[in-house]
Amino acid sequence: MQHPDSQADQSRSVESRVREGCAKRLLLIDDHPIMRYGLAQLVADEGGLEICGQAGTAREGLEAVGRCAPDLTVIDLTLPDRNGLELLKDIQAMHPGMLCLVLSMHDEGMYAERALRAGARGYLMKEVAAEQFIFAVQKVLSGGVYVSEAMASRMLEQAVGGKGRGASLGVEQLSDRELEVMALIGGGKATKIIAEQMGISTRTVEAHRAHIKDKLGITDGAELVRYAVQWVESQGGKS
């Protein structure tokens with residue numbers, strides 16, 4: 001556990017960097033070393049930005065946030081030890097106000113709003129151009145919120161039309177934890193493995209499975225597995 005004086009020193013150091021006009025520090029949390037390398041190169045080519053740390057798991061990432069005191073943390077949603085949405089919630093609980101930008105291969109239509117609710121200040125898909133990544137980083141660092149134009153229009157339409165979450169259909173109805181369970185089911189994980197990976201009991205996993213089936217109108221376990229596999233494949237095959 002970090003000493004309060006150490007946290008205060010880190011906060012003062014961040015404030016002093018801002019006052020002195022120093023480069024903004026980015027922490028990269030992604031389980032693919034090649035992706036982290038590519039992002040680090042992009043940042044190195046951009047004035048006023050620097051990489052202060054990298055992590056390949058949620059546990060390493062959470063530790064690095066406290067150790068490095070970044071100005072912005074870039075997070076992938078799919079990590080080997082924990083779901084990125086849960087990591088976002090942990091970061092905001094332990095470091096309130098920490099700026100986070102999600103960079104993910106998953107469809108923004110499914111995850112952008114969830115990420116923003118979990119504490120992210122932006123959502124960017126990995127398929128975008130390098131320039132868009134830098135633009136998103138700069139926008140979040142300047143106090144803004146970044147989503148694509150298409151996603152912004154969709155969110156505005158939902159707000160104006162008064163479409164509540166309960167009115168959504170299909171997978172969008174699922175809670176963050178239920179969505180995580182379905183992604184793991186679609187990735188071929190058994191109930192016991194899902195429980196271990198999520199740090200919950202097998203009984204809780206079964207309860208999530210029951211809620212998923214109920215919300216999706218699925219009658220049995222085999223149908224749920226087929227549905228989950230197809231959904232994961234539609235998301236690019238990464239669970």
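Read-outs: derived from the displayed coordinates by stated rules, not from any lab. The model shown is predicted, which means the values in this text are computed figures rather than measured ones. Note: ideal-geometry Cβ built from the backbone for every residue, glycine included; neighbour counts use all protein chains shown.
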- HN-Hα couplings for the range 104-117 via Karplus (6.51, -1.76, 1.60; θ = phi - 60°), in whole Hz with x for Gly/Pro, come out as 9, 7, 6, 3, 5, x, 8, 10, 4, 5, 4, 5, 5, 5
- Item | Rounded to 10°, Cα long-axis angle of helix 221-234 versus longest principal axis of the chain | 40 degrees
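Excluding VAL225 itself, calculate the net charge of residues whose Cβ lies under 13 Å from the Cβ of VAL225, where each Lys or Arg counts +1 and each Asp or Glu counts -1.
Numbers: positive: LYS189, ARG209, LYS213, ARG226; negative: ASP220, GLU223, GLU233.
Its environment carries a net charge of +1.
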- Message: Nearest 10 degrees is fine. How inclined is helix 4-20 to the longest principal axis of the chain, computing both from alpha carbons?
- Response: 60 degrees
- Message: Largest first, please: the extent of the C-alpha atoms of the chain along each principal axis, to the nearest Å.
- Response: 61, 41, 32
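Take every Cα pair under 8 Å in the chain that's 6+ residues apart, average their separations, divide by the length, and report that relative contact order as a whole percent. Provide the component values of the computation, followed by the final result.
On the way: 321 pairs, mean separation 31.8, N = 239.
Once normalised by length, the contact order is 13 percent.
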- Message: Looking at the chain only, what percent of DSSP beta bridges run antiparallel? Nearest 5 please.
- Response: 5 percent
- Which far-off residues, 5 or more places away or on another chain, put their amide H under 5 Å from the one on ILE51, with H placed in the peptide plane? LEU26
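What is the magnitude of the charge dipole of the range 168-234 about its Cα centre, with +1 placed on the Cβ of each Lys and Arg, -1 on the Cβ of each Asp and Glu, and no other charges, expressed in debye to the nearest 20?
Working: 8 positive and 10 negative charges, 37 e Å.
It comes to approximately 180 debye.
Once the mean 1/r over all distinct Cα pairs of the range 168-234 is inverted, what Kirkwood radius in angstroms do you read off?
11.7 Å
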- Message: Please report the net charge: other residues with Cβ closer than 12 Å to the Cβ of LEU88, K and R +1, D and E -1.
- Response: +1
- Distance in nm between label sites at GLU206 and ILE134, each 7 Å beyond Cα in the beta-carbon direction? 5.5 nm
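Please state the charge dipole magnitude for the range 4-156, taken about the Cα centre, from unit charges on C-beta atoms (+1 on K and R, -1 on D and E), reported in debye and rounded to the nearest 20.
Numbers: 16 positive and 22 negative charges, 68 e Å.
The dipole magnitude comes to about 320 debye.
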